[in-house]
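Here is the structure we will look at.
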Amino acid sequence: MSESNRTSNIADRTSHIAHPKPPRPRIVILGGGFAGVYAARRLLKRDRSLDVHVVNRENYMVFQPMLAEVLSGCVGVADTVSPLRRLIPRATLHMRDVDSIDLNAKQVVLSPGFLPKPRVLDYDHLVIALGNVTDFRGMTGLAEHAFPFKTLGDALSLRNHVIRILEEADAEPDRGLRDALLTFVVAGGGFSGVEALAEMQDFVRRAIGHYQQISLRDCKFILLHSRDRILPEVDPSLGEYAQRLLESRGIDLWLETRLAAATASEAVLADGRRIATKTLVSTVPSHPNPAVEALADVLKPVGGMNDRGKLLCDGACRVNGMEGLWAVGDCAVTPLPPDENGKPVFAPPTAQHAIRAADLCADNIIATMTDRPTRDFTFAGLGSLAALGGRRGIAQVMGVKLSGLAAWFLWRTIYWMKMPGLDTKLRVGVSWFLDLFLPPALIQLRLGKSRGVAQEHFEPGQNIFEQGDLGDRVYIIVTGKAQVVRQENGHEQTLAELGPGQYFGEMALLNRAPRNATVRCIEPMNVLSIQKGDFTSLVTHLDELRASFQATADKRAGG
């Protein structure tokens with residue numbers, strides 16, 4: 001079945017949750033970062049009659065440059081986020097993941113919410129601003145044992161982990177284990193990696209005085225970088241200043257060194273060396289969002305995607321070869337005017353470029369709808385800034401290079417001015433002021449994680465899931481009974497009754513198709529439910545288990 005037909009069938013079966021296209025133009029924006037939010041704001045500012053829908057997993061926008069300061073505690077967790085409903089109050093917000101995109105039918109299918117039903121959005125124009133995701137494919141053990149550093153949740157998890165490390169190390173009598181606990185390793189010498197390690201060391205330096213058995217001399221901070229100098233994005237003189245500053249603080253820079261793998265207790269390097277550590281942060285690699293990668297079969301033949309999964313755009317931010325499809329931000333390759341030698345130049349993945357590309361994209365969408373000419377992206381950038389901890393930084397702004405305290409002050413001033421909303425500015429300003437005088441709060445927040453295997457209870461007459469729903473779990477009956485029924489030609493047909501020890505729900509996950517029947521509780525029932533991701537991992541790595549599930553699914557399908 002083609003992607004177009006599959007999506008259309010989903011829409012037919014779930015019309016009560018689809019969002020049909022109204023008479024006025026609808027623009028769907030995927031992503032709630034800088035690019036997505038500023039595109040929505042610009043569109044609604046230019047034309048209030050537009051029907052703008054924004055799809056984002058969270059209902060807030062994270063001010064990414066501040067993530068490292070969340071780690072160090074210089075600002076509060078809520079200080080770096082702004083609610084989307086305040087930033088774009090006239091847009092319709094969908095707090096969901098993108099399940100699939102049908103470019104031919106001009107539809108976006110969103111993941112289920114509380115109920116396992118998709119939400120289908122038709123569109124006139126689609127703006128993809130999904131950015132990149134942390135993806136450790138091909139890097140053994142990193143998904144299990146390395147900390148990513150890309151989202152607010154990543155920063156908070158890492159901060160909690162560092163506090164736990166200090167607590168454990170202070171009471172640990174084994175010297176070898178204590179040394180491993182107090183070894184902090186960050187892979188990636190770009191902005192994210194350097195700022196994360198600098199702020200982490202700053203936090204440990206300020207916090208460690210509260211512990212009796214450990215000191216800063218017991219701690220090791222290691223930065224791994226594959227190139228011959230850190231911060232390759234800035235002028236070499238500023239990169240060298242950053243290296244000298246970090247080394248003067250006791251941070252070890254392992255240049256021309258690649259991270260190859262990780263275990264629960266070691267970072268394994270490409271040259272075979274191993275570092276005993278319980279804290280490994282990896283800011284590389286970064287990959288396109290899976291929803292974008294899934295468009296490769298359609299976009300690559302028309303020149304709309306390169307081999308790295310990036311969307312190739314023209315100067316107007318329109319994806320090559322596609323009408324009504326636009327892309328901005330980290331997922332897009334947007335050309336700039338060529339340099340003096342005629343060499344192609346492309347916009348770098350920075351917030352300042354994303355914001356201006358989003359504004360231009362919105363203007364060009366409106367120009368397209370009103371049959372006016374579009375404009376090309378020409379913003380060359382104002383410069384770059386980086387905080388190095390300890391109230392030091394580097395700055396390269398409009399040709400002027402600064403380092404040290406002046407650069408750090410400029411970093412804070414510029415980003416404070418860019419923060420959306422007066423209330424956000426006030427909260428951050430107060431946090432920065434108090435941070436000058438107060439010690440960091442050593443509070444470890446134990447955040448509960450969703451369980452891959454959960455216990456659930458159902459009462460007679462209750463549907464566990466319905467025909468046409470998206471598959472999200474597999475269920476194993478512990479006690480009670482369930483009935484499997486199917487709607488055909490307006491009549492309900494009973495297919496089977498299931499009891500303790502039997503399972504159901506596997507067919508949709510194995511076949512990647514909607515549920516083909518309804519399962520209804522007929523006796524009070526307790527079940528174990530397994531999330532889709534965990535079930536997929538099990539059957540991927542255990543051939544016999546997959547074969548067993550597949551055999552049952554085939555038998556039921558044949559019956």
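If I filter the stretch 45-92 down to residues being among the polar types (S, T, N, Q) and part of a loop (DSSP other than H, G, I, E, B), which single residue comes out as surrounded by the most Cβ atoms within 10 Å (Cβ to Cβ)?
Per the criteria, the residue is Asn56.
Of everything in the stretch 251-274 that's at pLDDT 95 or above and closer than 21 Å to Val162 by Cβ, which residue is surrounded by the most Cβ atoms within 10 Å (Cβ to Cβ)?
Ile251
Can you confirm whether Glu233 is out of contact with any His (no Cβ under 8 Å at 6 or more places or on another chain) and closer than 24 Å to Val162 by Cβ?
no
Taking the stretch 375-391, which residues are over 15 Å from Tyr415 (Cβ atoms) and crowded, with 21+ Cβ neighbours inside 10 Å?
Hits for the stretch 375-391 are Phe377, Gly389.
Could you check, for the stretch 372-387, whether at least one of its residues is assigned to a strand (DSSP E or B), over 23 Å from Pro440 (Cα atoms) and free of Cβ contacts under 8 Å to residues at least 24 places away in the same chain? It would help to see each step written out before you state the result.
Keep residues of the stretch 372-387 that are assigned to a strand (DSSP E or B), which gives 383-387.
Filter again for over 23 Å from Pro440 (Cα atoms), leaving 383-385.
Checking the rest, the ones that are also free of Cβ contacts under 8 Å to residues at least 24 places away in the same chain come to 383.
Taking every residue of the stretch 372-387 in turn, at least one turns out to be assigned to a strand (DSSP E or B), over 23 Å from Pro440 (Cα atoms) and free of Cβ contacts under 8 Å to residues at least 24 places away in the same chain.
Touching a Pro at 6+ places or on another chain (Cβ under 7 Å) and in contact (Cβ under 8 Å) with a residue 12 or more places away in the chain: which single residue out of Asp252, Asp330 fits that description?
Of Asp252, Asp330, the one residue that is touching a Pro at 6+ places or on another chain (Cβ under 7 Å) and in contact (Cβ under 8 Å) with a residue 12 or more places away in the chain is Asp330.
In contact (Cβ under 8 Å) with a residue 60 or more places away in the chain, outside the structural domain of Arg46 (by TED's automatic domain parsing) and either out of contact with any helix residue (DSSP H, G or I) (no Cβ under 8 Å at 6 or more places or on another chain) or not in a loop (DSSP other than H, G, I, E, B) (or both), is that true of Ala169?
For Ala169, the condition - in contact (Cβ under 8 Å) with a residue 60 or more places away in the chain, outside the structural domain of Arg46 (by TED's automatic domain parsing) and either out of contact with any helix residue (DSSP H, G or I) (no Cβ under 8 Å at 6 or more places or on another chain) or not in a loop (DSSP other than H, G, I, E, B) (or both) - is not met.
When you scan the stretch 337-359, do you find a residue that is in a strand (DSSP E or B), surrounded by fewer than 19 Cβ atoms within 10 Å (Cβ to Cβ) and not aromatic (Phe, Trp, Tyr), even just one?
Checked against the condition, which is being in a strand (DSSP E or B), surrounded by fewer than 19 Cβ atoms within 10 Å (Cβ to Cβ) and not aromatic (Phe, Trp, Tyr), the stretch 337-359 yields at least one hit.
Of the conditions (1) touching a residue at least 24 places away in the same chain (Cβ under 8 Å); (2) in contact with a Leu (Cβ under 9 Å, 6 or more places away or on another chain), Leu312 fails just one. Which one is it?
(1)
If the requirement is being out of contact with any helix residue (DSSP H, G or I) (no Cβ under 6 Å at 6 or more places or on another chain), free of Cβ contacts under 8 Å to residues at least 12 places away in the same chain and part of a loop (DSSP other than H, G, I, E, B), which of these qualifies: Leu434, Leu438?
None of the others qualify; the one that does is Leu438.
The values are calculated or read from the model by the stated rules, or taken from the named source; none is laboratory data. Worth saying up front: this structure is predicted, and the values here are computed from it rather than measured. FYI the Cβ positions are ideal-geometry reconstructions off the backbone, even for glycines, and counts take in every protein chain you see.
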